[in-house]
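As structure tokens, the structure follows; a few thoughts come after it.
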């Protein structure tokens, strides 16, 4: 798993538990009005979000929630609207072909700031079976126990 960016605004940590991430992409996102301000105050969620590539050749972030900005109620935005992602044509084509493969899906992993712009980290993922999840938990617990034993032995 790669290290998240330092200025991460929203993350989808559940995705790493439910899916096996095969490939990642970085995309810009088209936001309106107070959405950036709301994201800077950590007012977003990617829990049930997913990405579709339309027939027109656009990548769209669906079902992502960006809470309305608390301090400005004049020009607030809609909370769960579809947001267009900004990618190169070859990246969109690659995402489209990968999403059409059986068992693969496109999910947002994180939203973060990069040079003052909001970016979305997209993951091409395959769903894990329940026994895969149990195996991952066992290995994580085993590694923690080894680390504890090594740490206790150094004192």
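By counting other Cβ atoms within 10 Å of each Cβ, how are 38, 11, 130 ranked from fewest to most?
Details: 38 23, 11 19, 130 7.
Ranking 38, 11, 130 by Cβ neighbours within 10 Å, fewest first, gives 130, 11, 38.
So for the stretch 85-155, what percent of the C-alpha to C-alpha distances run longer than 13 Å?
Details: 1914 of 2485 pairs.
Considering the stretch 85-155, 77 percent of its Cα-Cα pairs are separated by more than 13 Å.
Can you show me the helix-derived [θ] at 222 nm for the chain, built from DSSP H runs with n ≥ 4 at -39,500 (n - 2.57) apiece and divided by the number of residues, rounded to the nearest 500.
Numbers: 4 runs with 49 residues, N = 155.
Counting only the DSSP helices, I get -10000 deg cm²/dmol.
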- Per residue convex hull volume, Cα atoms of the stretch 8-128, in Å³: 97 Å³
- Query: What does a probe at residue 21 reach in the stretch 111-132, counting residues whose amide N is under 11 Å from the point 7 Å along Cα→Cβ?
  - Reply: 111, 121-125
- Listed peptides 101-109, 59-67, 135-143, 15-23 by packing density, highest first (mean Cβ within 10 Å): 59-67, 101-109, 15-23, 135-143
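Quick one: order 117, 111, 150 by neighbouring beta-carbon count within 10 Å, fewest to most.
Working: 117 12, 111 25, 150 9.
Ranked by crowding around the Cβ, least crowded first: 150, 117, 111.
Just so you know, all these numbers are worked out from the coordinates, no wet-lab data involved. Just so it is clear, the model here is predicted, and its values are computed rather than measured. Ideal geometry is used to build each Cβ from the backbone, glycine not excepted, and the neighbour counts take in all protein chains shown.
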